[in-house]
Each structure stands twice: as C-alpha cells, then as structure tokens.
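Written below as structure tokens is the structure these notes are about.
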Amino acid sequence: MDKETTVPHHLRLDVITIFPAYMEPLRHALLGKAIEQGIISVGVHDLRQWASGVHKSVDDSPYGGGPGMVMKPDVWGSALDDVAQGTGPIAESADLVTAEPHRRQPRHDDLLDSSDGASGSSGQVVETGHSGQSGQSGHTSSTPVLVVPTPTGTPFTQNLAHELAQEDHLVFACGRYEGIDQRVFDDARGHYRVQEVSIGDYVLVGGEVAVLVMAEAIVRLIPGVLGNRRSHEEDSFSEGLLEGPRYTKPRSWRGRDVPDILLSGDHAKVDQWNRERALEITARRRPDLIERCRAAGLLSHADDEWLERNGYHRSGDYSDPRS
Ligand code: 6GU
C-alpha cells in the first residue's frame with residue numbers, strides 16, 4: 001500500500017525488438033491513455049540499431065548444432081547497456097505517443113504527421129528524447145528490471161504483475177529465432193535485475209506479443225490508470241478465485257432473466273451469491289486455484305461447506321459434478 005497511496009509514480013517501459021511495429025498497440029486504448037496522462041512513458045527500440053556491418057545481422061548459427069539461429073551476444077549487450085544508461089542511439093530516439101489524444105481535438109496535421117516518415121510504432125513520435133515528458137521518466141537510481149519473455153521462464157501471474165507495477169523502470173528484451181545467447185543474461189545481471197518470464201505453456205514465435213500481454217496486465221494496476229480502484233481489487237485472481245458472472249439491463253432478454261437475488265437489494269445476500277458463483281466457476285474450471293486458495297487461508301468455513309455440499313469434494317477427484 002506504500003507507493004499506491006502516496007505519490008503517483010511514473011513507470012518507464014523500454015522494449016527492444018527487431019519488430020518495433022509489433023509494439024504499436026502500446027499506444028492505444030488504456031496504455032495510450034496512461035502515456036497521455038504521464039503515468040507511463042514508453043520507448044521502443046529497434047535492435048538493429050546496435051548491429052554492425054553492412055548486413056546488420058543480429059543472429060548466427062548455434063554452437064553445438066541444431067535448428068534455427070541464436071541472437072548474437074554483442075548486439076544485445078550493447079543494446080542493454082545503452083537502454084540501462086540512456087546512452088547511444090536511444091539518447092536521440094523518441095518515446096511513443098498516445099494514439100488517442102484525449103485532451104485536445106486531433107488536428108489535420110497530426111493525421112498527416114502520422115502517415116509520413118517512419119513506419120509502424122515509431123510512425124507518430126514526439127521529440128522529447130529519452131528523458132520523456134516533464135523530466136519524470138524512468139532513469140532513476142534503482143536498478144532496472146530486465147524482463148525476458150521466454151517459454152522457459154517462470155510463470156507470469158497477477159502477483160508478478162503487481163510487483164512489476166511498483167517498479168520505476170522495466171526493460172523488455174524480445175528474442176526471436178531460437179533465443180538469445182545465454183551470456184547476455186548472465187552479463188546483464190551486472191546492471192539489471194533479470195527475470196525470465198513465460199505467459200503460458202505454449203510457444204510463440206517471439207517475445208513481442210508476450211510483452212503486450214504483460215504491459216497491459218502491469219499498467220492497469222498502476223494507481224490512476226483505471227478510473228475505479230475497486231475494478232482491480234475485485235479482479236479475478238486478486239482474492240484467489242475466478243470472478244462469477246455479471247449482468248446488466250435489460251432484466252429479461254431473449255427469455256432469460258437476471259437472477260432474482262441481484263434485484264433484491266439485499267447486499268449481504270448478493271455478496272454471498274457472488275461468492276458462491278466464484279467458488280463454483282473456480283472449482284469447475286480451475287480446481288488448482290481452489291487448492292491454492294485453501295493453502296493461503298483464503299477459504300472460509302462457509303466456503304468449504306458450500307463446496308462440499310455441491311459435490312466439489314476436497315480430496316481427490318475434482319471432476320465436475322455437473323458434467
Ligand atoms: Cl513470454 N515468449 C515466447 N517467445 N514464447 C512464449 C512465452 C513468451 N510464453 C509462452 N510462450
């Protein structure tokens with residue numbers, strides 16, 4: 001609750017990728033609004049800026065053989081050094097600007113600006129330099145966190161999202177091909193706190209999409225980004241259970257009625273009903289979360305009784321009694 005209730009803090013995000021255009025969505029919707037509000041600033045950096053030679057190659061064949069290509073340590077090493085220190089090509093590079101200027105009407109020359117010059121995510125930029133808006137950008141005394149998206153990483157969870165939302169500076173290193181030379185991460189530990197992270201048990205072509213996923217999960221937790229604080233206090237996972245169903249008007253739609261209890265005005269009953277729906281959906285879809293919740297002491301005696309009474313038995317078989 002420390003930082004959350006005091007000074008609104010600024011989060012600096014840097015992304016290093018060979019496909020900067022993939023990062024375009026960071027300028028839109030919630031993330032774009034957070035940029036506009038000065039809550040976050042985002043730099044997207046093309047790894048090839050640090051490549052040398054006519055071919056600007058960033059990869060080479062793996063030692064020991066095997067398929068695919070491995071990204072070269074020298075290129076990544078220079079990139080990570082510069083991004084940590086705000087030096088090199090990024091000293092003159094521009095931050096992403098929001099795609100949705102909410103504070104003023106878009107003017108015609110904005111539209112023209114966005115279509116001339118560079119492509120992709122750097123198509124519309126503001127020349128603030130790496131230090132970002134009003135001098136509040138990410139270069140602080142604390143060691144930045146280097147987040148490396150990889151299917152071999154530790155799982156990205158809501159808890160990790162909360163932790164990362166409290167940092168000042170996150171750097172995402174997107175690998176492609178068969179990965180990045182391991183020495184890059186060993187070396188980076190000198191000036192970063194390195195976290196290799198996976199967003200799930202499947203394989204993506206590169207880390208870019210995983211960065212979009214993580215950035216969205218992290219940024220929405222920063223105070224001020226979501227209008228209503230309660231909207232993330234009641235998130236699925238924040239109490240360890242999945243959220244039950246929600247309803248709005250009309251009261252009756254295509255012959256289906258909103259459950260009467262929700263119209264009763266009895267808040268205690270509504271809360272209890274919501275709790276039971278949360279238990280039900282979690283027990284059916286994610287019995288592992290029920291166990292985790294119980295281990296964390298988040299299930300009441302009443303919760304346990306409800307589960308037992310409804311056939312979600314504690315030990316052994318968690319197969320769905322309704323299927
Ligand atoms: Cl974080 N990156 C990549 N490249 N693939 C993944 C992943 C991340 N998480 C699951 N698969």
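The values are calculated or read from the model by the stated rules, or taken from the named source; none is laboratory data. Since the model is a prediction, treat every value here as computed from it, not as a measurement. Ideal geometry is used to build each Cβ from the backbone, glycine not excepted, and the neighbour counts take in all protein chains shown. Each accessible area value is taken on the protein alone, full model and side chains, heavy atoms only, with ligands, DNA and RNA left out. Shrake-Rupley method; radii C 1.70, N 1.55, O 1.52, S 1.80 Å.
Tabulated values for the structure
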quantity: Under the Karplus curve 6.51 cos²θ - 1.76 cosθ + 1.60, θ = phi - 60°, whole-Hz ³J(HN,Hα) for region 249-254, x wherever Gly or Pro sits; calculated: 5, x, 4, 10, 9, 6
quantity: Residues of type aspartates and glutamates that residue 249 reaches as a straight line, Cα spacing below 19 Å, ignoring anything fewer than 8 places off in the same chain; calculated: 257, 260, 266
quantity: Partners for residue 33 among aspartates and glutamates (Cα-Cα distance below 15 Å; same-chain residues under 8 apart left out); calculated: 24, 95, 100, 216
quantity: Per-residue SASA entry for residue 189, accessible area with 1.4 Å probe, Å² rounded to 10; calculated: 120
quantity: Packing-based order for 241-247, 83-89, 199-205, using average beta carbon neighbours within 10 Å, highest first; calculated: 83-89, 241-247, 199-205
quantity: Per-residue HN-Hα couplings for region 17-33 [Karplus 6.51, -1.76, 1.60; θ = phi - 60°; Hz; x = Gly/Pro]; calculated: 7, 8, 10, x, 4, 4, 8, 3, x, 4, 8, 9, 6, 4, 5, x, 5
quantity: Surface share of carbon and sulfur [accessible, 1.4 angstrom probe, percent] for region 252-310; calculated: 48
quantity: Per-residue ³J(HN,Hα) for region 83-93, Karplus 6.51 cos²θ - 1.76 cosθ + 1.60, θ = phi - 60°, Hz, x for Gly and Pro; calculated: 5, 5, 9, x, 10, x, x, 6, 4, 9, 7
quantity: Sequence-distant residues sharing a close amide H with residue 172 (under 5 Å, placed H); calculated: 14, 15, 16, 147
quantity: Amide H partners (placed H, <5 Å) of residue 194, local residues excluded; calculated: 146
